[in-house]
1. What pairs in A:K34/A:K135; A:K44/A:K82; A:K135/A:K251; A:K44/B:K32; A:K215/A:K251; A:K108/A:K215 have C-alpha atoms more than 28 Å from each other?
2. Hey, for a label at A:Q164 modelled as a point 7 Å past Cα toward Cβ, could you say which residues of the stretch A:120-137 have their backbone N under 13 Å away?
3. Using the Karplus curve 6.51 cos²θ - 1.76 cosθ + 1.60 with θ = phi - 60°, what ³J(HN,Hα) values do you get for each residue of the stretch A:209-216, in whole Hz, with x for Gly and Pro?
4. Multiply the residue separation of A:E6 and A:L191 by 0.36 nm, subtract the distance between their alpha-carbon atoms, and state the gained length in nm to one decimal.
5. Could you give the length gained by full extension between A:T132 and A:V101, i.e. 0.36 nm per residue of separation minus their alpha carbon distance, to one decimal place?
6. In the stretch A:31-167, how does Rg compare with the Kirkwood Rh, expressed as the Rg/Rh ratio over alpha carbon atoms?
7. In 10 Å bins starting at 0, how do the alpha-carbon pair distances of the stretch A:1-82 split up by percent?
8. Once the Cβ-Cβ distance between A:F208 and A:T78 is put in as r, and R0 is 25 Å, what FRET efficiency do you end up with, to the nearest 0.05?
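Just so it is clear, none of the values below were taken in a lab; they were calculated from the coordinates. From a predicted model like this one, the values you see are computed outputs, not experimental measurements. Because the Cβ atoms are built from the backbone with ideal geometry, glycine has one as well, and the counts that use them run over all protein chains shown.
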Amino acid sequence: QINVREPLCDSPEAEEAALLARDYLNAQHNHGYKYELNRIEDIKVHTGPTGDDSYAIEIDLLETNCHVLDPTPLANCTVRPKHLTAVEGDCDVVLKRVDGVLTVVAFKCKTEESREDLCLGCYTLLPLNDTTALKFVHDSLATFNGINPNQTYTILEVGRMSSQVVAGGPQYLAEFIINEANCTGDTCEPLIDPLAERGICTSKGFSFQHTVDCKMFPTLMPIVNDITIGAVPDYPKAVHVLHKHGFGHHKLTALHDPHLSKLLSAESAESAEIV
Amino acid sequence: ATPVLTVVDKPASELGPVTLLPACPGRVRFFK
């Protein structure tokens, strides 16, 4: 016999499950940005015959401006405002409480960008394979490397690229993660080392004229996933290092159901990312 | 047993609308 309860979505019990699910989802993510809880959509608690509670919770998450490699606590991260094209994640998460300890069993997420607020003159999010915007990113990196003659950085990941139509043509706004590089002549190798300096850069403007602002991460985090390395011929000092990833904006990991528990319905199959 | 009669000053229909908080969804923390 299974008893089902439906606690209030704003109850401490629901918040505990939602915040644990949020932290778990962020920990699963090794590219893109951290997500913050926006709303608890629904919660059901199933109590089994052994007395263990199983939580099925639906949460709405919003992208922050903190990259997953940024050690800034989530509480100090800022949720991106809607007008800068909000990226949101809708997740169904199953948690289990055994001996008082709550753990995530499975999750299913779908990531969407808000399009309802598109307006003339607003920034529009671009796919991460947009060649003109990527050229802008590389030009921005070259500018940053030019003003730091003692150190060379490579691109670890492009976080976001967006454009805004202004009088002189499209103006770009990009965010990318940089990694310290070891260069010999025109050949640069990224330092895949926990001690390598990393940071996040924001650049704005045009390829020929832009501003670049980089914030280095204060503490060290090891890279845990495979990376693809390939030289970009046009940019001899800019070795291009990108995480394996699709070309849409960064998404939350779509599905995790290790026990094939059937706890999550397959009503909306999501395309899984290569992570 | 003797039935207990309760005297009601006003019927419920005269007390005005009763607002029930929905259990879900919860509050929006940032924006909808």
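1. Details: A:K34/A:K135 26 Å; A:K44/A:K82 30 Å; A:K135/A:K251 23 Å; A:K44/B:K32 22 Å; A:K215/A:K251 23 Å; A:K108/A:K215 33 Å.
In this structure, A:K44/A:K82; A:K108/A:K215 exceed 28 Å between Cα atoms.
2. Output list for this probe position: A:120-125.
3. Once θ is set to phi - 60°, the couplings for the stretch A:209-216 become 8, 7, 10, 10, 10, 10, 10, 7 Hz.
4. Values: separation 185, 0.36 × 185 = 66.60 nm, distance 5.07 nm.
Length gained between A:E6 and A:L191: 61.5 nm.
5. Numbers: separation 31, 0.36 × 31 = 11.16 nm, distance 4.97 nm.
Answer, rounded to one decimal: 6.2 nm.
6. Details: Rg = 20.1 Å, Rh = 18.1 Å.
Here the Rg-to-Rh quotient is 1.11.
7. Pair shares across the bins are 18, 41, 26, 12, 2.
8. On the way: r = 30 Å, r/R0 = 1.22.
After rounding to 0.05, the efficiency reads 0.25.
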